[in-house]
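First comes the structure, then the notes that go with it.
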Amino acid sequence: MQGRILKGIAGFYYVRSAENAKVYECKARGIFRKRQSKPLVGDFVEIEVIDEENEKGNITELLPRKNELIRPAVANVDQAMVIFALKRPDPVLTLLDTYLVRMRMAGIKTVLVFNKSDLVSEDEANLYKEIYASADCEIIFTSSKEKIGLDKVKATLKGKVTTVAGPSGAGKSTLINTICGREVMETGDVSEKIGRGKQTTRHTELVEVDEDSYIMDTPGFSSLDLPEMEKEELEKYYPEFDKYRDSCYFSRCSHIHEPKCSVLDALDKKEINSKRYDTYLYLYQDLASRRKY
Ligand SMILES: Nc1nc2c(ncn2[C@@H]2O[C@H](COP(=O)(O)OP(=O)(O)OP(=O)(O)O)[C@@H](O)[C@H]2O)c(=O)[nH]1
Ligand SMILES: [Mg+2]
Ligand SMILES: [Zn+2]
């Protein structure tokens, strides 16, 4: 029978059957290791039941994926919700933009959530709204603590499968619990000393919000690199550059040092946000400094 992987822990995959809605504890047979494709949460699979009473089985086939991500490791999502705290931990824009670029590379629409809005002033929150105003993603400000923005989040989730992504301690699991109105996921503190989350969520899990909305909780990554790519590719993933790149004098303009660069002109005129441009520079230089083998 067919089903969908809800979570994977320690070599076991929990598969909800499409036939009877039972959740079977499954192992993936050796064929996957040979093929180098590992089952992911969100995968549709074929299973054989080996023990009906105790709900155990084997995954025998992976069905084709619509899309997949590596960090977090999920498959077949309709959209991603990149969640950062406005404070505790402070948002690191190079990290945030790395998440956004990765989502665009995978062709996954992104909603940007700034959580813990109870910890900053409205002016401070608005700064982030400005920075990401032209980044081609919906922006939602939330506070699980003070129940702000939750209806907007629910509306965005409606009818879709959404994966969350973001650094440890941003409040991903807390937001999921608040939205679901029950303790689905464990949550943890943010360390006072280093201001980082404690990597509370260790496995990815597909959670039912209501009958047609699903959200995947995932472990947080507080440091994340861009995947292997040519530095020249990076500019494609900054939607702010779309309006300008065709009018640059050089057709393969890096928008860094070339004369008659429309992106640099737009930056001068403040039509492109300088914080976003800064992360572009930073990520470009990071790619340029990588050793090629
Ligand atoms: N002030 C405030 N604290 C929050 C809010 N949301 C979450 N927190 C706190 O932030 C801490 C981390 O929350 P988690 O939900 O465990 O964070 P996470 O993103 O799931 O972290 P990982 O599982 O480690 O990736 C907890 O102490 C929460 O109580 C919020 O809206 N406001
Ligand atoms: Mg968590
Ligand atoms: Zn240019």
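The values are calculated or read from the model by the stated rules, or taken from the named source; none is laboratory data. For clarity, every value in this text was computed on a predicted model and none was experimentally measured. Reconstructed Cβ throughout: ideal geometry from the backbone, glycine too, with neighbour counts over all protein chains shown. Quick note on the areas: whole protein, heavy atoms, side chains included, nothing else; ligands and nucleic acids left out. Shrake-Rupley method; radii C 1.70, N 1.55, O 1.52, S 1.80 Å.
Annotations
- Leading residue by the ranking (nearest to ligand 1 (Cβ to nearest atom)) among those in the range 214-228 that are open to solvent by 20 Å² or more (accessible area, probe 1.4 Å) and out of contact with any Phe, Trp or Tyr (no Cβ under 9 Å at 6 or more places or on another chain): Pro219
- Residue in the range 127-139 that is more than 27 Å from Lys243 (Cβ to Cβ) and in contact (Cβ under 8 Å) with a residue 40 or more places away in the chain present: no
- Considering residues of the range 262-278 that are part of a loop (DSSP other than H, G, I, E, B) and farther than 18 Å from Tyr237 by Cβ only, the residue farthest from ligand 1 (Cβ to nearest atom): Lys269
- Some residue of the range 54-66 being open to solvent by less than 30 Å² (accessible area, probe 1.4 Å) and not in a strand (DSSP E or B): no
- From Lys198, Lys193, Lys158, Lys172, residue being open to solvent by 40 Å² or more (accessible area, probe 1.4 Å), over 21 Å from Val23 (Cα atoms), outside the structural domain of Val263 (by TED's automatic domain parsing) and within 12 Å of ligand 1 (Cβ to nearest atom): Lys198
- Single residue of Lys260, Lys236, Lys243 found to be more than 16 Å from ligand 2 (Cβ to nearest atom), at pLDDT 95 or above, exposed (fewer than 15 other Cβ atoms within 10 Å of the Cβ) and under 20 Å from the mean Cα position of the chain (by Cα): Lys236
- Output for the range 1-32, where each listed residue is without any contact (Cβ under 8 Å) to a residue 40 or more places away in the chain, farther than 18 Å from Glu68 by Cα and not in a strand (DSSP E or B): Ala10, Gly11, Ala18, Glu19, Asn20, Ala21, Lys22, Arg29, Gly30, Ile31
- If you filter the range 175-188 down to residues that are in a loop (DSSP other than H, G, I, E, B) and either near ligand 2 (Cβ under 9 Å from one of its atoms) or of a type in the set (Asp, Glu) (or both), you find that the one that is most open to solvent (accessible area, probe 1.4 Å) is Glu183.
- Candidates Thr156, Thr163, filtered to the one that is among the hydroxyl-bearing types (Ser, Thr, Tyr), touching an Asp or Glu at 6+ places or on another chain (Cβ under 8 Å) and more than 12 Å from ligand 2 (Cβ to nearest atom): Thr156
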